[in-house]
Ligand code: NDP
Ligand code: 2IT
């Protein structure tokens, strides 16, 4: 049965490896659900859930600083609206294509369901590369992108946010463009600035939520993040606030990376060093090597594109938090982590561990949390931002942070309870996939064949 449905999906989506990977992982987990609920089979829930409700692809044309015409591809995938308006980020990166965005939109369906906030799944973005672009070019691109996207989104229909290459700066330009085109001030995007509709803690939420989730996992074994040595990859939004929260909770982070390589700082990326890293990445848009210029006791290792493994995962640490991008931890990396005695692997990025890598971690008793559970704090806080916008109010840092902690605990406990119910005790992957799927499948069933 698994191979039947998977080969059907494969045939219908050739040349979409990332999407097929995400689908395979979920389908494998939810087969026991179909055995208990044969009606999901006859209603073709799986066949329907892998088809985007709407896939929008558009041309983005803009003028660079030299007055030259530039052409990019823009997308918005409105994947599933069974439980709420489409919700999910925008990614600006040269690797963006339909396969990558479909995998992200698909993951988003289940992640959003797990938050407990009524949000459907969506994702979008462009193959635009923000690296090396001037401030003016970033603004011009965002305005051109929104020139088309504005026709397809609305605060009650589809609410985009940030992802790789889209942070507070881009959300500002996108929001300004939407407001001008539509002549309305609404919460059509999340991740807005504080003072114009944004929520406190949204910037921090994905990284903080990831570490709250890891702490919950460790508590099940009477342990805590305090005193743990942690490996973090990436140095963007998710990585920065994961490092911040680990530091606050008494752990030590010894690695960070970007696409040019990684640094190892055995003394820990402590508060002052993290502030340097944030300024380097968020304001000066620099490269990770500059960390070592500033702190010579740290070591920089350039990325090796041709390598069969990622050496950042061959460093000894108790906890590993991949926070850069998809498939950055393969089977060999997982074996290295296990060999070095890793206890926890928490996904901050979306699908950073390959299916083979996940199997190695789970088979060796590592506490592994899939991104759709452990990075859900970002979109959950986007949901809180939407709620505040609808209510016309804004909550304090403490209120939002408390809600975030409660949501992460609830996702953690739900994963464990559902995994148990389906005979997979301690398996957060099975728990997350099944719990997310059940919620959406029930809504699809209730709403008829559409
Ligand atoms: P940022 O753009 O802020 O940072 C991305 C980081 O990852 C950078 O250090 C970047 O390096 C590195 N990176 C990106 N692509 C690659 C690549 N192909 N190879 C190597 N390194 C790469 O993005 P975020 O921190 O927001 O996102 C990181 C991950 O977290 C993504 O998987 C995203 O989908 C996921 N996520 C983000 C959420 C959010 O709220 N922002 C919520 C949930 C998940 P460089 O600068 O050199 O490109
Ligand atoms: O992958 C993700 O969950 C995000 N990039 C955040 C999406 C959101 O709508 O806040």
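Every number here is computed from the coordinates shown, using simple stated rules; none is lab data. Keep in mind the model is a prediction, meaning the values are calculated, not measured. Virtual Cβ from ideal backbone geometry, glycine too; neighbours counted across all protein chains shown.
Among all positions in the stretch 351-360, there is at least one residue which is in contact (Cβ under 8 Å) with a residue 40 or more places away in the chain, more than 25 Å from residue 226 (Cα to Cα), buried (at least 24 other Cβ atoms within 10 Å of the Cβ) and within 16 Å of ligand 2 (Cβ to nearest atom).
Go through the stretch 51-83 and give me each residue that's in contact with a helix residue (DSSP H, G or I) (Cβ under 7 Å, 6 or more places away or on another chain) and either in a loop (DSSP other than H, G, I, E, B) or within 16 Å of residue 444 (Cα to Cα) (or both). Those that are in contact with a helix residue (DSSP H, G or I) (Cβ under 7 Å, 6 or more places away or on another chain) and either in a loop (DSSP other than H, G, I, E, B) or within 16 Å of residue 444 (Cα to Cα) (or both): 52, 64, 65, 79, 80, 82, 83. Of all the residues in the stretch 35-50, those that are closer than 17 Å to residue 446 by Cα, surrounded by fewer than 20 Cβ atoms within 10 Å (Cβ to Cβ) and free of Cβ contacts under 8 Å to residues at least 60 places away in the same chain number 5. Scanning the stretch 165-178 for residues that are under 13 Å from the mean Cα position of the chain (by Cα) and surrounded by 24 or more Cβ atoms within 10 Å (Cβ to Cβ) returns a single hit, 166. Hey, among 166, 159, 100, which residue is in contact (Cβ under 8 Å) with a residue 60 or more places away in the chain, touching a helix residue (DSSP H, G or I) at 6+ places or on another chain (Cβ under 7 Å) and closer than 22 Å to residue 71 by Cα? Being in contact (Cβ under 8 Å) with a residue 60 or more places away in the chain, touching a helix residue (DSSP H, G or I) at 6+ places or on another chain (Cβ under 7 Å) and closer than 22 Å to residue 71 by Cα holds for just one of 166, 159, 100, which is 100.
Hey, any hits in the stretch 298-318 for a residue that's farther than 29 Å from residue 132 by Cα, buried (at least 21 other Cβ atoms within 10 Å of the Cβ) and either in contact (Cβ under 8 Å) with a residue 12 or more places away in the chain or touching a strand residue (DSSP E or B) at 6+ places or on another chain (Cβ under 8 Å) (or both)?
yes
For the stretch 411-427, which positions are farther than 13 Å from residue 111 by Cβ and buried (at least 24 other Cβ atoms within 10 Å of the Cβ)? Across the stretch 411-427, the qualifying residue is only 412. In the stretch 200-216 there is no residue matching the filter, namely being more than 11 Å from ligand 1 (Cβ to nearest atom), surrounded by fewer than 18 Cβ atoms within 10 Å (Cβ to Cβ) and more than 30 Å from residue 442 (Cα to Cα). Quick one: how many residues across the stretch 90-124 are near ligand 1 (Cβ under 10 Å from one of its atoms) and surrounded by fewer than 23 Cβ atoms within 10 Å (Cβ to Cβ)? Here the count works out to 3.
Out of 246, 269, one residue alone is in contact with a helix residue (DSSP H, G or I) (Cβ under 6 Å, 6 or more places away or on another chain) and assigned to a helix (DSSP H, G or I). It is 246.
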